[in-house]
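Take a look at the structure set out below.
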């Protein structure tokens, strides 16, 4: 079969992806603040793109829960609400627990060592109150189990949820994990090293739910 020659379609897709990546990054970082109204002409001017790829990007962001619209009324950055944490973190907990349960029987000594090193980096960042570095190390810690699960569908779903998680983390800078979360990390490593897949999965589930409750309390205080 010859390669299709629909270059215009490909270029439009690439432009929409460019618009999406830029807008998503701005929303996650808070450059485009929660609740901020988005005007097509301003976004087109900022991005240097036509309305079509910008509207396509906004539609994708709406599907992912980062933008909300009311026809003929507004398009705006989705606000940060308690429900964001209440609905997101149980899903993250279930997916990461499944990844861990699948991964533990497949782990090699080097994989456990990598998880330990990422956890050490996570702890060091927390001691310095460096939120972005702590979250990045935590991502790498859990990624060990996601990758070794052998199920790429888990990673794909987590990638789709990642922008919502990042926004909750970065826009709630006072909600760094505490001692309970660190103890859960240690339990994950210990159980994984012993080959206890179910026990490690339970510790992962509790770890995500603990962090979700922390974020939820922070959002509740912010809106009180």
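Points to keep in mind about this one:
- Region 25-75 shape via C-alpha gyration tensor axes, a/c threshold 1.5: rounded
- Residue exposure sequence - 54, 146 - by fewest surrounding Cβ within 10 Å: 146, 54
- Against the main long axis of the alpha-carbon atoms of the chain, helix 51-63 sits at an angle near 30°.
- Residues within the reach of a label modelled at residue 17 (point 7 angstrom out along Cα to beta-carbon, backbone nitrogen below 18 Å), restricted to region 120-161, are 156-157, 159-161.
- Pairs of Cα atoms nearer than 8 Å and 6+ residues apart set the relative contact order; for region 7-77 it is 39 percent.
- Cβ-based exposure ranking for 208, 46, in which fewest neighbours within 10 Å come first: 46, 208
- Taking the number of Cβ atoms within 10 Å of each Cβ as an exposure proxy, the fewest-first ranking of 74, 145 is 74, 145.
- As a length-normalised measure over Cα pairs under 8 Å and 6 or more apart, the relative contact order of the chain settles at 25 percent.
- Label-to-label distance, nm, for residues given as residue 222 and residue 86 (7 Å Cα→Cβ offset): 1.6
A short reminder: the numbers here are calculations on the coordinates, not readings from a lab. Since the structure is predicted, the reported quantities are computational estimates derived from the model, not experimental observations. As a convention, Cβ positions derive from the backbone with ideal geometry for all residues, glycine included, and neighbour counts pool all protein chains shown.
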